[in-house]
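The values are calculated or read from the model by the stated rules, or taken from the named source; none is laboratory data. It should be emphasised that the depicted structure is a prediction, and the values quoted were computed from it without experimental measurement. Every residue, glycine as well, gets a Cβ built from its backbone with ideal geometry; the counts of neighbours run over all protein chains shown. All accessible areas refer to the heavy atoms of the entire protein, side chains included, with ligands and DNA or RNA removed. Shrake-Rupley method; radii C 1.70, N 1.55, O 1.52, S 1.80 Å.
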Amino acid sequence: MGGHVILNIRPLDIYFTVSNDDKGIKEAVRLIKKHNPERIVIEATGRLEMPFIIACANANLPFVIANPVHIKRFAGAIGQRAKTDKLDAQLIAHYSEAIKPRLSTLKPDIMQAMSDLVGRRNQLLVMQTMEKNRLQILPKELAMTIKPILTVFKNQIAKIETKIVNLIESNPDYQAKNLILQSMKGIGKIAAASIISNLPELGYINNKEASSLVGVAPMNKESGRFKGHRKIQGGRHQVRTVLYMAMMSAIQSNPVFKGTYQRLVAAGKPKKVAIIACIRKMVVILNSMLRDGVLWEAPKA
């Protein structure tokens, strides 16, 4: 992590600085606890704040993961333009006191359970694909040794998907995100669960960061035979795979993505390139929807 963090406690106007590491986080929690806070507001910046959030949850401290866009709008409303770490801390504390954002219901065990379930589902899908591939190349008399295995995989994947849906439905924070994500045609329960689990930053970042996060942002490659071409790299492959499948559904059922896909293919783009461009558009739209807390609304014809 590195660096340091300045905290401000209102209305006492107490400031203190801690190092942004395990030791500093423990010190921050100890100092904050003394004041029995109504809420601790942490500005979301990506994954850097997660250790502090988990520490607050473990200490039973009431916390809010605040959207930077909302804090920026608040700063504009009160006319604060100066930017220093101390002023930022003061602004966030003022935002907390004035706006009283809703407390998070997330707990570390819920976040971990969600991540574990989605991870295990991905493992089973990989093994299922391997067995399906073997079914194509092995002699027919050996097919009967594979088919029962595929049935087991299918049943276990279904059980895990049920657990994921139940976990989402049991937590108000997940419910709210799930409702927004699934309002977009093409995003089903598993794509929504994968985004919730593997892309907790979505809705808290800008659009360029969002597409880079999933690995669908084009980056210039200026070496060797790739000179001048734009390649896709980085990102989180599990989510990318789920979004690829979601887009295959969306270009059939969602007129916005269907139109974009058809225009790109008509312009001579390879189908896979067109799908990736549509995924990039999907991620940017979902990021905006989560940021503003709004449901999908198709553009008027």
Kirkwood hydrodynamic radius for the stretch 39-105: how many Å is it when counted over pairs of different Cα atoms?
12.4
The long-range amide H neighbours of Glu43, using H built 1.01 Å from N in the peptide plane and a cut-off of under 5 Å, are Ala66
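Probe radius 1.4 Å, ligands and nucleic acids left out: which of Glu201, Glu97 has the largest accessible area, and how do the rest follow? Please report the intermediate quantities before stating the final value.
Working: Glu201 10, Glu97 70 Å².
So, going from the largest accessible area down, we get Glu97, Glu201.
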With every protein chain present, what accessible area does Ser170 have (1.4 Å probe, heavy atoms only), rounded to the nearest 10 Å²?
80
Could you give the radius of gyration (one decimal) and Dmax (whole number) of the Cα atoms in the stretch 23-150, in Å?
23.9, 76
Probe of 1.4 angstrom, ligands and nucleic acids ignored: what's the accessible area per residue over the chain, in square angstrom?
57
Using a Gaussian network for the chain with springs between C-alpha atoms less than 10 Å apart, which of these wobbles most: Val118, Val69, Val239?
Val69
Rounded to 0.05, the calculated FRET efficiency for the beta carbons of Val152 and Ser249 at R₀ = 25 Å is 0.45
Stretch gain in nm, segment Asp85-Arg102, where the contour uses 0.36 nm per residue and the Cα spacing is subtracted
3.7 nm
Rounded D (µm²/s) - the chain, Kirkwood Rh over Cα pairs, Stokes-Einstein at 25 °C, 0.890 mPa s
112
Label points 7 Å out from Cα along the Cβ direction at Asn206 and Arg30: separation in nm?
3.9
Express the carbon and sulfur contribution to the solvent-accessible surface of the chain as a percent, rounded to the nearest whole number, probe 1.4 angstrom.
56
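Just to be sure I understand the rule: take each whole DSSP H helix in the chain, project its Cα atoms onto its long axis, keep it if the span is 30 Å or more and its mean Kyte-Doolittle hydropathy is at least 0.0. Which ones pass? Mind showing how you got there, number by number?
Details: long enough: 108-137 (44 Å, -0.35); 143-169 (39 Å, 0.54); 271-292 (32 Å, 0.89).
Helices meeting the criterion: 143-169, 271-292.
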For every other residue with a beta carbon closer than 9 angstrom to the beta carbon of Val69, add +1 if it is Lys or Arg and -1 if Asp or Glu, then tell me the sum.
+2
Amide H partners (placed H, <5 Å) of Asn8, local residues excluded
none
So what's the back-of-envelope 222 nm ellipticity for the chain, counting only DSSP H runs of four-plus at -39500 (n - 2.57) apiece and dividing by all residues, rounded to 500?
-20000 deg cm²/dmol
Okay, which of the stretch 87-123 sit inside 19 Å, backbone N to the point 7 Å along the Cα-Cβ direction of Asp13?
87-98
